[in-house]
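Just below is one structure, and these are the notes that go with it.
Laboratory data are not the source of any read-out in this text; all were calculated from the coordinates shown. Remember, predicted model here, so these are calculated numbers, not experimental data. Glycine also receives a Cβ, built like all others from the backbone with ideal geometry; neighbour counts cover every protein chain displayed.
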Amino acid sequence: MARSVAGWLLLLVTSFGHAATFTVTSTADTAGASCAAVCTLRQALTAANNAAGADTVAFNIPGVGPHRITLGSALGTINLVTIDGYTQPGAQANTHAHASNAVLKIIVDGRTLTQTILTVTGGSVRGLSIIGPPGNFGLNVTDGGTVAGNWFGVEPDGTTTVAHSRSLTVNSSSTHTVGGAANADRNVFVAASTALRFESAATGINTVRNNIFGLLPDGVTPAAVDFAIVSIGNLSTQSVIANTISCTGGIALQSFGRVFEQNRFGTTTDGIGNPGCTTERLSTFSNQSFSFNTFANFASSPLPVASTLTGIVLRSNRIVGGTAVPFDLNNNGFTFNDETDADTGANNLQNYPTISESRRIDDDQVLMAGQLRSTPGTSFALEFFCLARDHASCIERVCAGQRRTHFDRDDHSDDGCRRCGEFRTGACRIRRQW
Ligand SMILES: [Ca+2]
Ligand SMILES: [Ca+2]
Ligand SMILES: [Ca+2]
C-alpha cells in the first residue's frame, strides 16, 4: 500500500514538471524559443512559457549596467513565470523604511510600443525599471500575478522620468496585491496618466500596499501621476494600505477602495515633509473606512462627502496643513450642529462635540469638558489626541485659529498660546467629564 502511494505522488510531480531557471545574458531583443548561452529576455520568456514548470527568468548580463532592453514589439503573455531583476549582479532590493533605495540594473524600455508591454498570468515581476508605452499599459496582471519591487516611469538613476499612459492594470477575479508588506516589495509609480487601473473583471480581493505614487524614489521630489489609482472593479473588496500618494494632477484615488489605513496623502514618504506639489482629493463612497492616514497640504477637502453617502468611518486620521475642511460633509464647507442631530445628509450630518474646557491637571492627565448634542439614547465613540512634544508643526497647530482657545488656561507664551513644550510625548490619559 505504501508503495502505491509513493508511486502516485511521483506521478503528480512528473505531470507538473520541474521549475527551471532561464537566464537572460543579452540586452538584444532577438526572438526565439531557446535560451542558450546568449539569451534575450524575449527568448527566456518564450522558453519559460514553453516549459511545463513555474519557471524563473533571471538575469546575468555582462557589464556594470544598468542594462537597457529596448523592445521592438510587445512581449505577449507569460504564464506562471517569475521575472526577477534582482538576480542581475549588482542589483539590490529596497531596504529603506519609507522611500526606495533599490538598486535596479534592468530597464525594460517599451516607450516606442503601442501595445501593453507584457501580460502577467500568475507568477511575478520584480526588480525592473519599466518604461511604459505612451498609449497603453506597462503590465497587464491577471490570475494572481504579483508585482513588487519595481519602478514604473523612472529609470534606475532615480531621476530620469519618462511620461507614459498607464503603468499597470489588474484584470482578473483572483486575489492581487500590488506591492507588499516588506520594504523590498515597494513599487514606485511616477509620470503616468493613470498609475494603477483595476478593470471590471477585478472582482477579487485587491490590495495596494506600501507603494509610492507621484514622488521619485528619494521619497521627496515630486514626479506627478495624474490619477494614482482608478477602478471600475469591485470597490467593496479593495484596500489601500501604507502607501504614500502625493502630487496627483487628477483625483488621487478614483472609485477605488473600501479600506484605507496608514497611508500618507500629500506628504513626502516620511509622512512629515511637504513636497510642495498639489495632491487632489479622493472620491468617496458609502461605507468606506479611513483610519490612521495622514492627509496633508490639500488645497481643497481631501474627502468631500456627498449628501447621498452614509456609513463613512473616519478614525484616528491626522490632518496637516491645508485650509479646507478636511472631511467635508455635504461638500459645502463648514457644517453647523443642529439640535438633537435630526438632520440628514452625508453621514446623516453627524454633530461634532463642542469642547468647553481642556486643561492639564498634572503631567499625565488632561481634563476635558463639553457636550455632544446628538441623538438621545445612542452610543458614540469620541476620540481625543495629544500633541507630541516638540513636534515640528506643534506651535502652528495649537495656535491657529480657534484651536488656541482650547489651551488658554494658563502658562501662556508671549503670543498668547500655550507652549508646545508643555505637552508630553506619547500617549496621555484624558479624564472625561461629559
Ligand atoms: Ca460641510
Ligand atoms: Ca447634524
Ligand atoms: Ca443628523
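Taking 0.36 nm per residue of separation and subtracting the current Cα-Cα distance, fully stretching the chain between T114 and N274 would add 54.0 nm. Gyration tensor analysis over the Cα atoms of region 91-191 returns equivalent ellipsoid semi-axes of 20, 18, 10 Å (largest first, whole Å). Where the alpha-carbon atoms of region 19-283 are placed on the principal axes, they occupy 51, 37, 32 Å, in descending order.
So how much slack lies between A163 and S291, counting 0.36 nm per residue of separation and subtracting their Cα-Cα distance, in nm? Show your work: numbers first, answer last.
Working: separation 128, 0.36 × 128 = 46.08 nm, distance 3.25 nm.
Answer, rounded to one decimal: 42.8 nm.
Each of L253, L71, L235, L104 was scored by other Cβ atoms within 10 Å of its Cβ. Listed from fewest to most, they are L235, L71, L253, L104.
Efficiency by 1/(1 + (r/R0)^6): what FRET value for A19 and T175, r their Cβ-Cβ distance, R0 = 22 Å, to the nearest 0.05? Can you show the working numbers first?
Numbers: r = 22 Å, r/R0 = 0.98.
Here the calculated transfer efficiency is 0.55.
Modelled this way, with points 7 Å down the Cα-to-C-beta line, the labels at A97 and Q262 are 1.3 nm from one another.
Residues whose amide H lies under 5 Å from that of F22, counting only those 5 or more places away or on a different chain, are T56, V57, A58; hydrogens are built 1.01 Å from N in the peptide plane. Take the alpha carbon gyration tensor of region 312-376, find the square roots of its eigenvalues, order them as a ≥ b ≥ c, and report rounded if a/c is under 1.5; if not, report prolate when a/b exceeds b/c, else oblate. Since a/c reaches 1.5 but b/c is at least a/b, the shape of region 312-376 is classed as oblate.
For region 190-311, taking Cα atoms only, Rg and Dmax work out to 13.3, 40 Å respectively. Spacing of the modelled spin labels on E339 and R68, each 7 Å from Cα toward Cβ, amounts to 7.3 nm.
Modelled spin labels at E357 and A182, positioned 7 Å past Cα toward Cβ, are 5.5 nm from each other. Placing R0 at 56 angstrom, the Cβ-Cβ distance between T77 and R315 gives a FRET efficiency of 0.85 after rounding to 0.05.
Please give the length that would be gained between T323 and A37 if that part of the chain were fully extended, namely 0.36 nm times their separation in residues minus their C-alpha to C-alpha distance (nm, one decimal). Don't skip to the end; give the middle numbers.
Details: separation 286, 0.36 × 286 = 102.96 nm, distance 6.16 nm.
The span from T323 to A37 would gain 96.8 nm if fully extended.
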